[in-house]
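Encoded as structure tokens, the structure appears first; notes follow it.
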Amino acid sequence: MKHVPHPLYAALAAALLLAPAVRAGAPAPDWAALAGGAVQVSAVASPGLPGKAFTAWTLVPASVDRLCALVQDYPSYAAYMPNTKSAQPLAGGEGYVLVDMTLDLPLGQEKKYRLRLEPRADATHCRLAWRLVPSGLAPADTIADTSGYWLFTPQPGAHGGHTLVEYHVYADPGPVPFGLGWIVDMMSRRSLPRTLEALRAQAAK
């Protein structure tokens, strides 16, 4: 006789699949700030890793489906994502796509890297996770590591009609030439509010 999982177990499994990893002491959004339209950014500890990690949140007056479609339209990134020169999908497989990214940074600096992006969604939530994969580029032309995710969650009650946007990124640009230490912040903390504001503006179009 075939075993049929209890619906509760199936729902829990789906939730665990979509939810980002939760660590003890993980930051949480400040709802009072978000209600006013702010973008909140919090540093996240990354013990033993050379890069920096941050999580950012904001409320956007757009549906989960709308936002999910925007972040999966990779070739359009260059039109609105800060410092993104191009995002070119290469190939895909079951549950993932490979995208070549090029960042156009100030002072003529350019960084290229390849991401494996994995979109997952259920009836309400949408999550797009990514991680760096080898691309064969010279170390000076690429970055050492990056990973992260977008997570979109519909908001009921007072925030009905809005979606909570959670954006987490870990970035290690690798060796940075003397005097160009700002590259570290451009790829993480400083870029997060601009990225979420850019997504909000794109969703309003």
Would you call ALA69 small (Gly, Ala, Ser), within 16 Å of the chain's Cα centre (by Cα), closer than 19 Å to LEU115 by Cα and at pLDDT 90 or above? yes
When every residue in segment 105-147 that is hydroxyl-bearing (Ser, Thr, Tyr) and in a strand (DSSP E or B) is compared, the one farthest from the chain's Cα centre (by Cα) is TYR113
Please specify each residue of segment 75-104 satisfying the condition of being among the hydrophobic types (A, V, I, L, M, F, W, C), over 19 Å from LEU196 (Cβ atoms) and either touching a helix residue (DSSP H, G or I) at 6+ places or on another chain (Cβ under 8 Å) or assigned to a loop (DSSP other than H, G, I, E, B) (or both). VAL97, VAL99
Pairs, please: C-beta under 7 Å, at least 6 apart or cross-chain, first residue among the β-branched types (Val, Ile, Thr) and in segment 95-119, second not in a strand (DSSP E or B)? VAL99/TYR74
Determine whether segment 16-24 contains at least one residue that is out of contact with any His (no Cβ under 9 Å at 6 or more places or on another chain), assigned to a helix (DSSP H, G or I) and either modelled with pLDDT of 90 or more or within 17 Å of GLU166 (Cα to Cα) (or both). yes
Return the residues of segment 133-156 that are small (Gly, Ala, Ser), under 21 Å from ALA53 (Cα atoms) and surrounded by fewer than 19 Cβ atoms within 10 Å (Cβ to Cβ); say none if nothing qualifies. ALA144, SER147
ASP172 vs (1) at pLDDT below 95; (2) within 17 Å of the chain's Cα centre (by Cα); (3) within 29 Å of ASP65 (Cα to Cα); (4) not hydroxyl-bearing (Ser, Thr, Tyr): all pass except (3)
Being surrounded by 15 or more Cβ atoms within 10 Å (Cβ to Cβ), among the hydrophobic types (A, V, I, L, M, F, W, C), more than 17 Å from GLY148 (Cα to Cα) and at pLDDT 90 or above is the requirement here; does VAL44 meet it? no
If a residue has to be within 24 Å of ALA144 (Cβ to Cβ) and either surrounded by 12 or more Cβ atoms within 10 Å (Cβ to Cβ) or β-branched (Val, Ile, Thr) (or both) to count, how many in segment 91-103 make the cut? 8
Just checking, which of VAL133, VAL64 is of a type in the set (Val, Ile, Thr), closer than 28 Å to GLN155 by Cβ and touching a residue at least 24 places away in the same chain (Cβ under 8 Å)? VAL64
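The values are calculated or read from the model by the stated rules, or taken from the named source; none is laboratory data. No experiment lies behind these values; they were computed from the predicted model shown. When we count neighbours, we look across all protein chains shown, and the Cβ atoms used for this are built from the backbone with ideal geometry, even at glycine.
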